[in-house]
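Novice: Once you've had a glance at the structure underneath, I'll fire off some questions.
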Amino acid sequence: VVQIDPATLPAGYEPMVCEENSRYAGSATSKFVDAIGGSVWRANFYLKQTGETAAEDVQEQSSDVTEYRDYDQAWLNQQSPEISWVYPDEGRAPSSLSVNLGIKAPPDAELSLTLNGRPTPATNRDARLTSSDETVSLHRWRGVDIEVGENIFRAEVRLRDGTVETLERHVWFVDEAQRARLVDDQSVLVADGRTAPVIAIRLENASGHALHSGRIVEFDIPSPYRLNDDDRLAEMAPVDAGVAEIRGVAMGPDGVARIELEPTLKTGRVRIRVPLAGDRYEEVDVFLRPEQRDWIVVGLAEGRL
């Protein structure tokens with residue numbers, strides 16, 4: 001019988017029985033397993049959210065979907081009335097085919113917004129936010145649907161004196177990668193048995209725009225290296241199998257997948273096979289280096305003459 005301690009679970013989660021079978025015996029915290037001598041076997045448990053996630057955890061989960069929350073009344077009260085595009089962040093790849101938009105302008109300005117030459121629906125217009133001293137306003141749109149590929153937003157800001165200022169922002173939604181490259185400055189390529197190696201790979205289209213945030217990409221990790229997170233392995237699969245495993249890694253908001261391996265002492269080349277559009281693959285080679293030490297014995301010799 002394998003049991004888990006509910007006290008060790010992350011905040012806001014509790015165990016649950018996801019599939020009814022005799023192995024659970026009616027308990028979400030214990031499970032019967034068929035162990036075989038000489039092997040290590042795994043038992044999976046299931047969790048559900050309780051809605052009691054701590055406030056600091058919610059803040060850490062900020063993404064393009066919740067980006068607008070960073071620009072609240074307190075933020076606006078510190079701003080000047082210059083016209084500028086506030087969000088979405090151009091350096092962040094959207095996670096879905098809808099985006100939120102915010103533009104800062106004087107309170108008496110009138111704004112119109114188009115997407116790829118067509119007016120955005122009035123239903124996407126959100127309530128305008130104005131600073132306490134009424135010197136600057138934040139015009140907002142929520143859940144504007146975009147298309148796969150390049151999306152050109154153009155905003156016309158008409159001021160009281162009749163002058164018109166035009167702002168433009170390009171938002172790319174890339175759902176198929178054409179190439180992959182290693183991001184050296186975000187990788188941790190060390191094999192010291194303690195540090196988890198991290199291989200950062202950026203996936204992008206032919207014009208260099210990043211694959212959209214949240215996309216799950218299955219990388220082929222060669223044996224004996226293993227991903228540090230093992231929650232996607234098949235239930236009851238032996239962990240000592242000597243074959244390559246295919247695992248999914250979520251893309252980050254910057255279009256970079258951070259492949260974290262289990263700590264290892266095995267140095268040398270690691271060849272990651274990356275899936276691309278059109279059933280193509282690209283191989284990315286990295287080299288794990290040993291720990292730097294002042295002195296290390298590399299060999300011993302003994303003989304008699």
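Novice: Viscosity 0.692 mPa s, temperature 37 °C: what is the translational diffusion coefficient of the stretch 67-108 from Stokes-Einstein with a Kirkwood Rh over Cα pairs, rounded to a whole number of µm²/s? Numbers along the way, then the final one.
Specialist: Working: Rh = 11.6 Å.
Answer, rounded: 283 µm²/s.
Novice: Please work out the average accessible area per residue across the stretch 107-219, using the 1.4 Å probe convention, and give it in Å².
Specialist: Value for the stretch 107-219: 51 Å² per residue.
Novice: For Cα Rg over 2.2 N^0.38 Å, which listed value, (1) 1.08; (2) 1.21; (3) 1.34, comes from the coordinates shown?
Specialist: (3)
Novice: Ok, one more. Could you work out the Kirkwood radius for the stretch 140-203, taking every pair of different alpha carbons, averaging 1/r and inverting it, reported in Å?
Specialist: Averaging 1/r across every pair of different Cα atoms and inverting gives 16.4 Å.
Novice: Sort K266, K104 by accessible area with a 1.4 Å probe, largest first. List each step's numbers first, then the result.
Specialist: On the way: K266 100, K104 15 Å².
Descending accessible area places them as K266, K104.
Novice: Still on this structure: Note down the relative contact order for the stretch 116-180 as a percent, whole number, built from C-alpha pairs under 8 angstrom at least six residues apart.
Specialist: 26
Novice: Continuing with the same structure: About its Cα centre, how strong a charge dipole does the chain have in debye, to the nearest 20, once Lys and Arg get +1 and Asp and Glu get -1 at the Cβ?
Specialist: Rounded to the nearest 20 debye, it is 620 debye.
Novice: So how exposed is S207, as accessible area in Å² (1.4 Å probe, rounded to 10)?
Specialist: Approximately 70 Å² of S207 is accessible to the 1.4 Å probe.
Novice: Largest first, how would H170, H139 line up by accessible area (1.4 Å probe)?
Specialist: H170, H139
Novice: Over the chain, what relative contact order in percent results from Cα pairs under 8 Å that are six or more residues apart? Before the final figure, lay out the partial values.
Specialist: Working: 613 pairs, mean separation 43.7, N = 305.
With pairs under 8 Å counted, the relative contact order is 14 percent.
Novice: At 1.4 Å probe size, with the rest of the protein present, what percent of the exposed accessible area of the chain is carbon and sulfur atoms?
Specialist: Percent of accessible area from carbon and sulfur atoms in the chain: 47.
The values are calculated or read from the model by the stated rules, or taken from the named source; none is laboratory data. Here the structure is a predicted model, which means the values were calculated and not measured. So basically every Cβ, Gly included, is an ideal-geometry build from the backbone, and we count neighbours across all protein chains shown. Ligands, DNA and RNA are excluded from the accessible area calculation, which covers all protein heavy atoms including side chains. Shrake-Rupley method; radii C 1.70, N 1.55, O 1.52, S 1.80 Å.
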